[in-house]
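K.L.:
Structure provided below as structure tokens; questions to follow.
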Amino acid sequence: MISTRTPLRVTLGGGGTDLESYYRHGGGFIFAMALDKYIHITAHRPLFDSRVVLYGPQPEASDRAMDVRHELVRAALLSHGLENRIEAASLADIAGGTGLGSSSSFLVGFLNALHALKGDSPSAQDLAEEACTLEIKTLQKGIGKQDQYMAAFGGLTTLDIAPDGRVEVGRVDIPADLEAAFLSQTHIYYTGLRRDAAVILSDQNSAMQSDASPQRGQVVESLTFIKDLGYRIRDAWRAGDIEGWGRMLDEHWRQKKRLSSKISWPHIDQLYDHVQGAYGVTGGKVIGAGGGGFLMLFCPRNGQALEDYMTAQQMPRLRYGIDRHGSRVLGAAT
């Protein structure tokens with residue numbers, strides 16, 4: 001029996017530039033943080049039950065891998081040549097559809113478990129690329145490459161994406177006291193809203209893929225600004241410029257909303273404007289592709305007052321740290 005633990009992630013800069021429709025024209029850049037919040041997978045090969053049995057939010061049992069309804073599981077099993085005799089269970093610290101990359105984290109964790117069952121130990125790079133191939137090529141998901149890489153690598157991580165799709169992974173190291181300041185002043189709140197990232201990203205992909213699209217020029221301009229801003233955000237973290245990070249977070253959000261009408265909700269925009277004036281929030285954004293999930297707010301001075309206000313709005317604060325390891329095999333038993 002194999003158990004894996006795979007982190008969720010928060011994008012700090014460059015979000016959206018990891019889509020092939022953008023990076024193939026000049027490369028992309030992502031700066032992201034893996035959270036100490038996880039997707040947990042347990043898998044084994046039973047001795048006599050030949051079915052594929054899944055336990056989780058949508059349990060199912062099938063005689064063959066090709067009949068499995070869970071498309072990520074089906075694609076992973078078929079790619080590994082495992083037709084049957086698999087039992088797996090999944091648990092999530094945070095529900096899917098909330099902007100933290102849970103689908104890719106699940107896939108990376110499940111693939112890691114399948115490799116371990118076969119006695120393999122892939123590198124983080126190979127694991128990330130395998131997940132990208134299944135989600136983006138096999139299943140034709142309109143998503144980028146950052147979620148798979150962050151799930152596999154963890155940490156405070158940069159992804160330089162070449163026009164041909166190759167990814168160079170880097171690390172951002174900061175002193176412990178500076179990290180603590182960033183984390184204490186960068187709040188994350190659960191909005192209670194959930195959405196499908198692929199639906200949100202479809203507007204951006206459609207605009208980028210059609211030269212005739214009237215939105216193409218605006219999307220290209222916004223994503224290029226967001227990519228350049230991603231480098232500046234990375235440099236601010238390295239330099240310990242906390243105030244600069246907050247201001248750039250605001251720049252990022254205002255540009256991001258130009259990519260699609262589905263990225264934000266009117267009441268989220270109204271709340272954001274209010275907390276900027278009332279609590280000194282200097283920057284914020286909806287985490288992930290947009291539309292719901294978690295709201296990140298940088299609040300350098302009135303953190304407790306902001307937390308009390310957000311709690312009154314029924315948006316609880318997420319306490320989090322940085323995962324340093326990426327997807328891990330935690331246990332193996334026979």
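K.L.:
Is it the case that some residue within segment 42-52 is touching a residue at least 60 places away in the same chain (Cβ under 8 Å) and either touching a Lys or Arg at 6+ places or on another chain (Cβ under 9 Å) or open to solvent by less than 30 Å² (accessible area, probe 1.4 Å) (or both)?
P.N.:
First pass over segment 42-52, keeping only residues touching a residue at least 60 places away in the same chain (Cβ under 8 Å): 42-45.
Narrowing further to those that are either touching a Lys or Arg at 6+ places or on another chain (Cβ under 9 Å) or open to solvent by less than 30 Å² (accessible area, probe 1.4 Å) (or both): 43, 45.
For segment 42-52, residues touching a residue at least 60 places away in the same chain (Cβ under 8 Å) and either touching a Lys or Arg at 6+ places or on another chain (Cβ under 9 Å) or open to solvent by less than 30 Å² (accessible area, probe 1.4 Å) (or both): present.
K.L.:
I would also like to ask the following. Among residues belonging to segment 252-269 that are modelled with pLDDT of 85 or more, crowded, with 16+ Cβ neighbours inside 10 Å and not aromatic (Phe, Trp, Tyr), point out the one that is farthest from LEU178 (Cα to Cα).
P.N.:
ILE268
K.L.:
Let me ask you something else. Please verify whether segment 75-92 includes one or more residues that are within 16 Å of the chain's Cα centre (by Cα), open to solvent by 20 Å² or more (accessible area, probe 1.4 Å), at pLDDT 95 or above and not acidic (Asp, Glu). Break it down into steps so the answer makes sense when it comes.
P.N.:
Taking segment 75-92 and keeping what is within 16 Å of the chain's Cα centre (by Cα), we get 92.
Still in the list and also open to solvent by 20 Å² or more (accessible area, probe 1.4 Å): 92.
After this cut, where a residue has to be at pLDDT 95 or above as well, the list is 92.
Going one step further and asking which of them are not acidic (Asp, Glu), we end up with 92.
Yes, because at least one residue in segment 75-92 is within 16 Å of the chain's Cα centre (by Cα), open to solvent by 20 Å² or more (accessible area, probe 1.4 Å), at pLDDT 95 or above and not acidic (Asp, Glu).
K.L.:
Taking interchain pairs and intrachain pairs at least six residues apart, which have beta carbon atoms under 8 angstrom, with the first residue in segment 109-135 and surrounded by 16 or more Cβ atoms within 10 Å (Cβ to Cβ) and the second among the acidic types (Asp, Glu) and at pLDDT 95 or above?
P.N.:
Pairs found: LEU111/GLU130; PRO122/GLU130.
K.L.:
Can you name the number of the only condition in (1) closer than 17 Å to GLY321 by Cβ; (2) small (Gly, Ala, Ser); (3) outside any helix (DSSP H, G or I) that SER184 fails?
P.N.:
Result: SER184 fails condition (3) only.
K.L.:
Kindly indicate the residue of segment 270-310 that is open to solvent by 10 Å² or more (accessible area, probe 1.4 Å) and among the hydroxyl-bearing types (Ser, Thr, Tyr) and also nearest to GLY192 (Cα to Cα) among those meeting that condition.
P.N.:
Ranking the qualifying residues of segment 270-310, first place goes to TYR309.
K.L.:
I'm told GLY165 meets every condition in (1) at pLDDT 95 or above; (2) open to solvent by less than 40 Å² (accessible area, probe 1.4 Å); (3) not in a loop (DSSP other than H, G, I, E, B) except one. Can you identify the failing condition by its number?
P.N.:
Exception for GLY165: condition (3).
The values are calculated or read from the model by the stated rules, or taken from the named source; none is laboratory data. Keep in mind that this is a model prediction, so the values were computed, not measured. Here Cβ is always computed from backbone atoms with ideal geometry, including for glycine, and neighbour counts include all displayed protein chains. Areas reflect the complete protein model, heavy atoms only, side chains present, ligands, DNA and RNA absent. Shrake-Rupley method; radii C 1.70, N 1.55, O 1.52, S 1.80 Å.
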